[in-house]
Every structure is written in C-alpha cells, then in structure tokens.
C-alpha cells in the first residue's frame, strides 16, 4: 500500500520504530502494576506470618518463612528500580527500550515469585478466597 507523503506521520520507513517507541510507556505501566501486585502479596504474607501462631510461636519467626519473603522483597525492589529508570529515561525523551523491557521482565518474575511465596506462607489457607493471595497469583 502506498500512502501519499502529505498523509504520512513521521519519516518514511520509520513506522515500526515509532510503534516500538510508543509501546515503552505500556511496558513501564505493566511493570509498575506487577511490582504493586507483588508488594500487596508480600504484605499479606508478612501479616499472616505474624498473626499465625503454631506451637506458641508466630510462623513468621521461622527462617523457612522469612528467607523466601526477604528474597521476594529484594526482587521487587530491584525490579522497581529498573522500572523507575525506564520511566525517568522516557520522561527525559531518551531511549528507554532496553530498560522498559528489562523492567517488565524483572517485575513479572518478581511478582510471580512474591505471589507464590505468599501462597506458600499461607499454607493450605493460601487457596482460600478470604486471604486474597490466590487471586493475586491469578492476576500475576
């Protein structure tokens, strides 16, 4: 298909580049949502770990609960930093494709891991709707 020069937006042959550039804010947005969802799951898990008492002791005092949640927190913070870097570069009108893609990847992985760890922290109750973490896992 030939488009008259008067009807073109931007330079000839640059359409695909424009499309990819315009997808960067969407990648940043999706990554931000994933970080937020992971943080919500992590918060639920931390509260449950503090509230659930077994053998006269909160389960959150056990390293088997603490370490996976700490790792999820680290992963979420690292992903968030990459997302913020991508957003900052986009706002400054700089190339941010690599950062946006990396942020989306890291945030997706971190979110999934945080949701999984939240379910595991809840044990059998991780599948109960009233604790919400099963929904977070589906959203991840």
Gain in span if fully extended, residue 67 to residue 95, counting 0.36 nm per residue against the direct Cα distance: 6.4 nm
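Which shape class, rounded, prolate or oblate, goes with segment 46-91 when its Cα gyration tensor gives a ≥ b ≥ c as root eigenvalues, a/c under 1.5 marks rounded, and past that a/b bigger than b/c marks prolate? Don't jump to the answer; show the numbers that get you there.
Details: a/c = 8.70, a/b = 3.70, b/c = 2.35.
Note, shape of segment 46-91 comes out prolate.
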Helix axis angle, 97-122 relative to the chain longest principal axis, alpha carbon, degrees: 20
Relative packing of 46-59, 78-91, which averages over residues the other C-beta atoms within 10 Å, highest first: 78-91, 46-59
Relative contact order computed over the chain (Cα-Cα under 8 Å; 6+ residues apart), in percent: 31
Net length gained if the chain between residue 9 and residue 125 were fully extended (0.36 nm per residue, minus Cα distance): 36.3 nm
Listed peptides 12-19, 33-40 by packing density, highest first (mean Cβ within 10 Å): 33-40, 12-19
Kirkwood hydrodynamic radius (C-alpha pairs) into Stokes-Einstein, segment 45-123, 20 °C and 1.002 mPa s, D in µm²/s: 154
Most to least packed among 64-77, 115-128 [average Cβ atoms within 10 Å]: 115-128, 64-77
D (Stokes-Einstein, µm²/s), Kirkwood Cα radius, the chain, 1.002 mPa s at 20 °C: 127
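Coordinate-derived values only; no laboratory data. What you see is a predicted model, and the numbers here were worked out from it, not measured in a lab. All Cβ positions, even for glycine, are placed from backbone atoms using ideal geometry, and neighbour counts span all protein chains on display.
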